[in-house]
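Data block below; observations after.
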Amino acid sequence: MRVLITGATGLVGSHLSNLCREKGISVNYLTTSKNKIQKQVDYRGFFWDPEKGEIDRESLRDIDAIIHLAGASVAKRWTESYKKEILDSRIKSAALLYSAVQDSGFSVPQFISASGISVYPSSLQKFYTEDEQAVDDTFLGEVVVRWEAAADEFEDLDMKVSKIRTGLVLAEEGGALPKMKIPAKYNAGAAFGSGKQWQSWIHINDLSGIYLYVLQNKLEGVYNAVAPNPVTNEELMEKIAEQLEKSQWLPNIPSGVLKFALGEMSNAVLASQLVSAEKIQKKGYTFQYSNLPKALEDLL
């Protein structure tokens, strides 16, 4: 089996690429940097530039699936120009992949797209499954709707389409956790806002595992990629401090302070999404890290 991965040099992509190769699955990857192109038997790089509509169609030869992870980070201040970059990096890149498959003459059976649980409206009480029809009325809600719509287009090419709605990714070398542990390390950790907002988290190994499981079992549709046991933000910050053997004594950081410091991006920090992992579990996926303490023990 050979797959094409976009965003393969990022946090999730690098973990997934390594996992695929461990399982005997060869990886083609697209990169905007010609310096990052490698030509190993099981790890082959190809150039693309979604802004200019350029892509090496040889990347599509003899592949069994496309896993589309590329997209600008949402963890930067959302100026109007950067919000456009967040959207374009997902939508334009998907459109380029679509046209490349359509024009190449190569048959690609499966398309797996990253997505986000930020599509679900913020709520302290509601428990969200993939069947939820309501959409959060924030910028990130709009991003996910358009992101998934771009993925659905691939059904017109007779491809099986799946969308992986990802929660808060916990990883040692990137994402939110390294930033969260810095204040905790100095006994200065604190919850955000009320601290009661739900954090549906996932260990990076389980996120990679879910992508691999969807690939190998040719699953279609939407799947939440979150651990089975979400926690509140307050619990998350407390458990990080405990794992580092530090105390958490500072008061919560007020919502107003976060809004002043982060602008519109504070919505992502303060949002509450209590999200179900039941669908992927019923399909047979077994989590390595179901509970937060075990995940933090591994990562910290």
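See the values below:
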{"item": "For region 68-186, the Rg and Dmax computed from alpha carbons only, in angstrom", "result": "16.5, 57"}
{"item": "Using alpha-carbon coordinates, inclination of helix 204-216 to the longest axis of the chain, degrees", "result": "30 degrees"}
{"item": "DSSP-defined antiparallel bridges as percent of all bridges, the chain, nearest 5", "result": "15 percent"}
{"item": "q = 0.27 Å⁻¹, region 214-263: log10 I(q)/I(0) [Debye, one scatterer per Cα]", "result": "-1.06"}
{"item": "Highest to lowest packing among 52-64, 34-46, scored as the average C-beta count within 10 Å", "result": "52-64, 34-46"}
{"item": "Under 11 Å, Cβ to Cβ, from ILE37 - net charge with Lys/Arg +1 and Asp/Glu -1", "result": "+3"}
{"item": "Cα long-axis angle, helix 139-152 against the chain (0 to 90 degrees, to the nearest 10)", "result": "30 degrees"}
{"item": "Bins of 5 Å from zero: percent of alpha-carbon pairs in region 233-300", "result": "3, 13, 16, 16, 19, 17, 10, 5, 1"}
{"item": "Principal axis dimensions, the chain - Cα atoms, whole angstrom, descending", "result": "60, 40, 39"}
{"item": "Mean Cβ count within 10 Å, highest first, over the residues of peptides 19-26, 194-201, 131-138", "result": "194-201, 19-26, 131-138"}
{"item": "Translational diffusion coefficient (Stokes-Einstein; Kirkwood radius from C-alpha pairs) of region 119-239 at 37 °C, 0.692 mPa s, in µm²/s", "result": "203 µm²/s"}
{"item": "Point-charge dipole on Cβ atoms (K/R +1, D/E -1) for the chain, about Cα centre, debye to 20", "result": "600 debye"}
{"item": "Gyration tensor (Cα) of region 1-99, equivalent ellipsoid semi-axes in angstrom", "result": "24, 15, 11"}
{"item": "Dipole axis of the chain (+1 Lys, Arg; -1 Asp, Glu on Cβ), positive-most option in GLN102, GLY45, PHE287", "result": "GLY45"}
{"item": "From phi via Karplus (6.51, -1.76, 1.60), per-residue ³J(HN,Hα) for region 31-44 in Hz, x at Gly/Pro", "result": "9, 8, 10, 5, 6, 9, 7, 10, 10, 7, 4, 9, 8, 10"}
{"item": "Degrees between helix 11-22 axis and first principal axis of the chain (Cα, 0 to 90, nearest 10)", "result": "60 degrees"}
{"item": "Kirkwood Rh and Cα Rg combined as Rg over Rh, evaluated for region 92-149", "result": "1.12"}
{"item": "Alpha-carbon gyration tensor eigenvalues x 5, square-rooted, for region 52-104, Å", "result": "26, 11, 7"}
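No value in this document is a laboratory result; all are computed from the given coordinates. From a predicted model like this one, the values you see are computed outputs, not experimental measurements. Note that we place each Cβ from the backbone using ideal geometry, even for glycine, and neighbour counts take in every protein chain shown.
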